[in-house]
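Worksheet for the structure shown next.
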Amino acid sequence: MTQVLHIVGGGMAGSEAAWQAANLGVQVVIHEMRPKVETFAHQTGNLAEMVCSNSFRSDDSEQNAVGLLHWEMRAANGLIMAAAEKHRLPAGGALAVDRDAFAEFVTQEINAHPNISIEYGEVNEIPSEGMWIFATGPLTSPKLGEAIAAETGADRLAFFDAIAPIIYHDSINMDVAWMQSRYDKGETEEEQKAYLNCPMTKDQYEAFIDALLAADKTEFHEGETAGYFDGCLPIEVMAERGRETLRFGPMKPVGLTNANDPENKPYAVVQLRRDNKLGTLYNIVGFQTKMKYGAQAEVFKMIPGLEDAKFARLGGIHRNTFLNSPTLLDDQMRLKSKPNVRFAGQVTGVEGYVESAAMGLLAGRLAAHEILGTPIESPNGTTAMGALIHHITGGAEAKTFQPMNVNFGLFPPVEGLKGGRRGRKDRYRAYTDRAKETFNQWLEGQS
Ligand SMILES: Cc1cc2nc3c(=O)[nH]c(=O)nc-3n(C[C@H](O)[C@H](O)[C@H](O)COP(=O)(O)OP(=O)(O)OC[C@H]3O[C@@H](n4cnc5c(N)ncnc54)[C@H](O)[C@@H]3O)c2cc1C
């Protein structure tokens, strides 16, 4: 008899993981705490409940990285995509669903699967034996959170994300911005030029502060703690504390000389830091924010050098339990300290329904093949699933790790294509063509 696979959490990731493993012939037990133990966001006892929006975002698999993830999940016979398709609502190019019918369908399919059973109740320890996947999501129960922190070290588990906007490097105007670390700190030239700097005059700074103060902000959800840590105050809250606060904080102009205009001392400087090993993504240092998405794009494009910025993701601060996956997980999503335990879904530091379900799909297949004695590798980083898993388990900077959406900045560039805005359509098509071919090969390698 083969080993049972235990999956903790029957959300987007856990349901998909169970479906994939069960279809490979592995016996699966899902441990779900709802409806016995509730979270502040879930409303029902259904599996795969969508806690907020009813959208799986873009369904365009040629020009959009999320759409490509849809394609890969469909190719892998994913339950979440099948349920979404069945309960799809008209929404232009997006994949929106009837949320109740969607979650009920997933729950029924899981219940009807001969290889899956569900045990309702909270799990609050990390077992040393057996094969486990923890897919407990952004609202992992506090007791389990304590157990995870005890296993990983408290500094490797976060309870809030504090996301600064992330920008595609090739959309930044380098005639305005320049590379330099404050006081040229660092041993190597790479370290001395680790930051990308955007200068501001006094007038530009004042206009920027006015826009920040006037911008639309989002509130915390009811039940979500509104206390910010002083280390990650939203920039608009810093600006409310005084118009000069940012100039003495993340926007201080000291230790920097504008390489494009050395005679003029900037009044304030916005710094961006590399966000991935590929160097395709940069985050704005210290710019975590609760501004609404539309307002963020407007306000941040006021920063000189970022007028045409293209955002890989916008900023936010949310209740969100997630691991420092780059240091804790191996490329099979296993906890390095306890390889019988995998993590999947949002708790691994991906963000969103689609990304979480995709990481569940992967964890389910990896675990099932390990149980069956036919181990497989994670897909190559040129696929959407591969790009995500490579980012969270190695490509991301561990020190500043924050949850990530799938985006083309995570993909290794296709050589020989035109950069910049004009080449974008061809580039994205090349990424998605390459990904589909590689993903099909990955699937074929398992049969
Ligand atoms: C308030 C809020 C709003 C959000 N809005 C959006 C949005 O609009 N769009 C979007 O794409 N994403 C949104 N997200 C993120 C979204 O929650 C995730 O993308 C997605 O649901 C994560 O899937 P998951 O399977 O990792 O976690 P979940 O879907 O949350 O599933 C985790 C499951 O684990 C269970 N669980 C937790 N702890 C235990 C335990 N100890 N024992 C047993 N079971 C346990 C939970 O009950 C839950 O069913 C939001 C998150 C929050 C908190």
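If we keep just the residues of segment 31-42 that are modelled with pLDDT under 95 and not aromatic (Phe, Trp, Tyr), which is farthest from the ligand (Cβ to nearest atom)?
Ranking the candidates gives GLU38 first.
Inspect all residues belonging to segment 381-399 and state whether any of them is under 21 Å from THR327 (Cα atoms), in a loop (DSSP other than H, G, I, E, B) and modelled with pLDDT of 95 or more.
yes
Failed condition for ALA357, given (1) outside any helix (DSSP H, G or I); (2) at pLDDT 95 or above, with all others met?
That leaves (1) as the condition not met.
Cβ-Cβ under 9 Å, sequence separation 6+ or interchain: first residue in segment 46-70 and away from the ligand (no atom under 12 Å from the Cβ), partner among the acidic types (Asp, Glu). Which pairs?
Hits for this filter: SER61/GLU72; GLU62/ASP433; GLY67/ASP59; GLY67/ASP60; LEU68/ASP60; LEU68/GLU62; HIS70/ASP59; HIS70/ASP60.
Restricting to segment 400-411, give me the number of residues that are hydrophobic (A, V, I, L, M, F, W, C) and not in a helix (DSSP H, G or I).
Of the residues in that region, 4 qualify.
Among LEU361, LEU388, which is the only one that is closer than 26 Å to ARG319 by Cβ, more than 12 Å from the chain's Cα centre (by Cα) and either near the ligand (Cβ under 10 Å from one of its atoms) or assigned by TED's automatic domain parsing to the domain that holds VAL51 (or both)?
Result: LEU361 is the single residue among LEU361, LEU388 that is closer than 26 Å to ARG319 by Cβ, more than 12 Å from the chain's Cα centre (by Cα) and either near the ligand (Cβ under 10 Å from one of its atoms) or assigned by TED's automatic domain parsing to the domain that holds VAL51 (or both).
How about segment 162-209: which of its residues are of a type in the set (Asp, Glu) and under 30 Å from LEU323 (Cα atoms)?
ASP170, GLU190, GLU191
With respect to GLY349, determine if the residue is at pLDDT 95 or above, touching a His at 6+ places or on another chain (Cβ under 9 Å) and over 21 Å from LEU79 (Cα atoms).
Yes.
Taking the condition buried (at least 24 other Cβ atoms within 10 Å of the Cβ), away from the ligand (no atom under 16 Å from the Cβ) and over 19 Å from ASN23 (Cβ atoms), does PHE401 pass?
So PHE401 fails the test.
List every residue pair whose Cβ atoms sit under 7 Å apart, with the two residues 6 or more apart in sequence or on different chains, where the first one lies in segment 1-30 and is within 9 Å of the ligand (Cβ to nearest atom) and the second, anywhere, is among the acidic types (Asp, Glu).
GLY9/GLU32; GLY10/GLU32
Is at least one residue of segment 12-30 touching an Asp or Glu at 6+ places or on another chain (Cβ under 9 Å), modelled with pLDDT of 95 or more and surrounded by fewer than 24 Cβ atoms within 10 Å (Cβ to Cβ)?
yes
Residues checked against (1) part of a loop (DSSP other than H, G, I, E, B); (2) outside the structural domain of GLY14 (by TED's automatic domain parsing); (3) within 16 Å of the ligand (Cβ to nearest atom); (4) more than 17 Å from the chain's Cα centre (by Cα):
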site: ASN283; (1), (2), (3), (4): no, yes, no, no
site: GLY286; (1), (2), (3), (4): yes, yes, no, yes
site: THR289; (1), (2), (3), (4): yes, yes, no, no
site: ILE303; (1), (2), (3), (4): yes, yes, no, yes
site: GLU307; (1), (2), (3), (4): yes, yes, no, yes
site: ASP331; (1), (2), (3), (4): yes, no, no, no
site: ARG342; (1), (2), (3), (4): no, no, yes, yes
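Might you let me know whether segment 309-324 holds any residue that is over 20 Å from ASN276 (Cα atoms), within 10 Å of the ligand (Cβ to nearest atom) and assigned to a loop (DSSP other than H, G, I, E, B)?
no
The conditions are (1) touching a His at 6+ places or on another chain (Cβ under 8 Å); (2) part of a loop (DSSP other than H, G, I, E, B); (3) away from the ligand (no atom under 12 Å from the Cβ); (4) not hydroxyl-bearing (Ser, Thr, Tyr), and GLY92 fails exactly one of them. Which is it?
(1)
The conditions are (1) assigned to a loop (DSSP other than H, G, I, E, B); (2) touching a helix residue (DSSP H, G or I) at 6+ places or on another chain (Cβ under 8 Å); (3) buried (at least 21 other Cβ atoms within 10 Å of the Cβ); (4) not hydrophobic (A, V, I, L, M, F, W, C), and GLY419 fails exactly one of them. Which is it?
Tallying (1) assigned to a loop (DSSP other than H, G, I, E, B); (2) touching a helix residue (DSSP H, G or I) at 6+ places or on another chain (Cβ under 8 Å); (3) buried (at least 21 other Cβ atoms within 10 Å of the Cβ); (4) not hydrophobic (A, V, I, L, M, F, W, C), GLY419 fails exactly one: (3).
The values are calculated or read from the model by the stated rules, or taken from the named source; none is laboratory data. Keep in mind that what you see is a predicted model, and the values were worked out from it rather than measured. Please note: Cβ atoms are built from the backbone with ideal geometry, for glycine as well, and neighbour counts cover all protein chains shown.
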